[in-house]
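K.L.:
Have a look at this one.
The values are calculated or read from the model by the stated rules, or taken from the named source; none is laboratory data. Values in this document were obtained by computation on a predicted structure and should not be read as measured data. Reconstructed Cβ throughout: ideal geometry from the backbone, glycine too, with neighbour counts over all protein chains shown.
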Amino acid sequence: MTKLPDTMKALVAYSADHYVLETDWPRPVAGPGEIIIKVEACGVCAGDVKAKHGAERFWKDFIIAPVIPGHEFVGHVAELGEGVTGFAMGDRVVSEQIVPCGKCRFCTTGKYWMCEVHDIYGFRDRVNGGMAEYMRLPANARTFKIPQNMPIEKAILIEPFGCSKHAVDRADIGLEDIVVISGCGTLGLGMVGIAHLKNPKLLIALDMQDNRLEKAKEFGADLVWNPGKVDVVSEISKITEGYGCDIYIEATGHSASVAQGMAMIRKLGRFVGFSVFGAPTTLDWSVIGDQKELDVLGSHLSPYCFPAVIDWIDKDKIGTAGVAKHILPLEDWEKAYQMAETGADGGFKVILKP
Ligand SMILES: [Zn+2]
Ligand SMILES: [Zn+2]
């Protein structure tokens, strides 16, 4: 066995405006039950970009720095701590973004994704992320093997599409439902593919960018509309005899999409809120009770979703082509963050390779 180096290359976030590509950062070492992976690649998430912009909520209440960002990683097992079972050197793995404490009320009742401690890779120093050459998966990590031959452009989507699956699970789609998914970024596209597997009566995708809508169509949307060009609320009304859609999944993170959803959803409908918002949403709350008696459901992370998503991606049961097409070296992290933010070149997911 070749000895691993003592130091490594790593992107380190010291504060919102102070990110440094360190070249001799200490390499993590596997303690009991822990796994060290050699990172193959790491996707840049909207959450990473928001943290870089100093989203107040993140830096005040959540981030513990200095920290290595990145929770959308794929890697190979490079060191096994004492007592690790089920994994061997060289295994190709992914890990859910939360590392459960295992002790809180949520963890002990199987609701680990809402863990009170809430250690998420890439946001806290004790769970450093994948924008580095090596990474430590703690003993409580929820780690899964993936096929060695799965192209990295597909494998990198396991984590985001895991979150997509949870949102679709929450929506509880039935065969008779008219489902609207608002927002066709990486996560929204994952939702389109997975909602399509549920075979609803009609699957409609909304986005302000036509290239994203084309992708949604390719991944299984029956209709795609650009709210910047058509009055989507009246279009829904037209095709539902004025009733409205049965289910609305919000995946844009913009307040306007929340109001739009509340306007187009039918009475007794289901609204799934997934996104992280940059600003508060103002709304006449009576739509939820007095006017429509809605089920408003939240969705967070990807509990119990990875095994199915790995299988679907591997077998091409859900669309992945062209979602992650830009692969940059870690040295170009700044450019990658910029591309992730602006969606440059019609790309969706930007991948960094350490
Ligand atoms: Zn993410
Ligand atoms: Zn916990």
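K.L.:
Taking the conditions exactly as written (buried (at least 20 other Cβ atoms within 10 Å of the Cβ) and part of a loop (DSSP other than H, G, I, E, B)), does Pro5 satisfy them or not?
P.N.:
Numbers: buried (at least 20 other Cβ atoms within 10 Å of the Cβ): no; part of a loop (DSSP other than H, G, I, E, B): yes.
No: the conditions fail for Pro5.
K.L.:
While we're here: Can you spot a residue in segment 13-33 that is within 18 Å of Lys145 (Cβ to Cβ) and assigned by TED's automatic domain parsing to the domain that holds Glu153? If you could, list the steps in order and put the result at the bottom.
P.N.:
Just the residues of segment 13-33 that are within 18 Å of Lys145 (Cβ to Cβ), to begin with: 30, 33.
Of the ones still in play, those that are also assigned by TED's automatic domain parsing to the domain that holds Glu153 are 30, 33.
Within segment 13-33, one or more residues are within 18 Å of Lys145 (Cβ to Cβ) and assigned by TED's automatic domain parsing to the domain that holds Glu153.
K.L.:
Inside segment 259-302, can you point out the residues that are small (Gly, Ala, Ser) and without any contact (Cβ under 8 Å) to a residue 24 or more places away in the chain?
P.N.:
Start the filter on segment 259-302 by keeping residues that are small (Gly, Ala, Ser), which leaves 259, 261, 263, 269, 273, 275, 278-279, 286, 289, 298-299, 302.
Once the filter is applied, which keeps residues that are small (Gly, Ala, Ser) and without any contact (Cβ under 8 Å) to a residue 24 or more places away in the chain, segment 259-302 yields Ser286, Gly289.
K.L.:
When you check Tyr121 against the structure, is it closer than 23 Å to Val12 by Cα, in contact (Cβ under 8 Å) with a residue 40 or more places away in the chain, more than 16 Å from ligand 2 (Cβ to nearest atom) and among the hydroxyl-bearing types (Ser, Thr, Tyr), yes or no?
P.N.:
On the way: closer than 23 Å to Val12 by Cα: yes; in contact (Cβ under 8 Å) with a residue 40 or more places away in the chain: yes; more than 16 Å from ligand 2 (Cβ to nearest atom): no; among the hydroxyl-bearing types (Ser, Thr, Tyr): yes.
Here the answer is no, as Tyr121 does not meet what is asked.
K.L.:
On the given criteria, is Ala279 within 26 Å of Met114 (Cα to Cα), among the small types (Gly, Ala, Ser), out of contact with any Pro (no Cβ under 9 Å at 6 or more places or on another chain) and assigned to a loop (DSSP other than H, G, I, E, B)?
P.N.:
Numbers: within 26 Å of Met114 (Cα to Cα): yes; among the small types (Gly, Ala, Ser): yes; out of contact with any Pro (no Cβ under 9 Å at 6 or more places or on another chain): yes; assigned to a loop (DSSP other than H, G, I, E, B): yes.
Taking the combined requirement at face value, the residue satisfies it.
K.L.:
Count, please, the residues in segment 15-58 that happen to be hydroxyl-bearing (Ser, Thr, Tyr), at pLDDT 95 or above and more than 26 Å from Ala155 (Cβ to Cβ). Outline the logic, then answer.
P.N.:
Residues of segment 15-58 that are hydroxyl-bearing (Ser, Thr, Tyr), as a first pass: 15, 19, 23.
With the extra rule that they be at pLDDT 95 or above, the set shrinks to 19, 23.
Right, trim to more than 26 Å from Ala155 (Cβ to Cβ) and you get 23.
Within segment 15-58, residues that are hydroxyl-bearing (Ser, Thr, Tyr), at pLDDT 95 or above and more than 26 Å from Ala155 (Cβ to Cβ) number 1.
K.L.:
Go through segment 52-97 and count every residue that is under 17 Å from Leu352 (Cβ atoms) and either in contact (Cβ under 8 Å) with a residue 60 or more places away in the chain or in contact with a Pro (Cβ under 7 Å, 6 or more places away or on another chain) (or both).
P.N.:
Within segment 52-97, residues that are under 17 Å from Leu352 (Cβ atoms) and either in contact (Cβ under 8 Å) with a residue 60 or more places away in the chain or in contact with a Pro (Cβ under 7 Å, 6 or more places away or on another chain) (or both) number 12.
K.L.:
Here's something else I'd like to know. Give, as residue ranges, the helices (runs of 4 or more DSSP H) completely inside segment 169-265 that count at least 3 residues that are of a type in the set (Gly, Ala, Ser). Show your work before the answer.
P.N.:
Values: elements: 186-197, 210-218, 232-239, 255-264.
The helices (runs of 4 or more DSSP H) meeting that bar are 186-197, 255-264.
K.L.:
Scanning segment 342-354 for residues that are in contact (Cβ under 8 Å) with a residue 40 or more places away in the chain and farther than 16 Å from Pro160 by Cβ, which turns out surrounded by the most Cβ atoms within 10 Å (Cβ to Cβ)?
P.N.:
Step one: list which residues in segment 342-354 are in contact (Cβ under 8 Å) with a residue 40 or more places away in the chain, which gives 343, 346, 348-354.
In the following step, the residues that additionally are farther than 16 Å from Pro160 by Cβ were identified as 346, 353-354.
Numbers: Gly346: 14, Lys353: 14, Pro354: 24.
Selected residue: Pro354.
K.L.:
Got at least one residue in segment 98-111 being surrounded by fewer than 19 Cβ atoms within 10 Å (Cβ to Cβ) and in contact (Cβ under 8 Å) with a residue 40 or more places away in the chain?
P.N.:
Yes, the conditions are met somewhere in segment 98-111.
K.L.:
Being in contact (Cβ under 8 Å) with a residue 40 or more places away in the chain, within 16 Å of ligand 2 (Cβ to nearest atom) and in the same structural domain as Val77 (by TED's automatic domain parsing), is that true of even one residue in segment 151-167?
P.N.:
Looking for residues that are in contact (Cβ under 8 Å) with a residue 40 or more places away in the chain, within 16 Å of ligand 2 (Cβ to nearest atom) and in the same structural domain as Val77 (by TED's automatic domain parsing), one finds none in segment 151-167, hence no.
K.L.:
Take the residues of segment 136-181 that are touching a helix residue (DSSP H, G or I) at 6+ places or on another chain (Cβ under 7 Å) and among the basic types (Lys, Arg): which is surrounded by the most Cβ atoms within 10 Å (Cβ to Cβ)? Break it down into steps so the answer makes sense when it comes.
P.N.:
Of all residues in segment 136-181, those touching a helix residue (DSSP H, G or I) at 6+ places or on another chain (Cβ under 7 Å) come to 144, 146-147, 150, 154, 157-158, 160-165, 167-168, 173, 179-181.
Next, only the ones that are among the basic types (Lys, Arg) stay: 154, 165.
Values: Lys154: 20, Lys165: 26.
For segment 136-181, the residue satisfying everything is Lys165.
K.L.:
For segment 196-241, what are the residues that are of a type in the set (Lys, Arg) and in contact (Cβ under 8 Å) with a residue 24 or more places away in the chain?
P.N.:
Filtering segment 196-241 down to residues of a type in the set (Lys, Arg) leaves 198, 201, 212, 215, 217, 229, 238.
Scanning segment 196-241 gives Lys198, Lys201, Arg212, Lys215.
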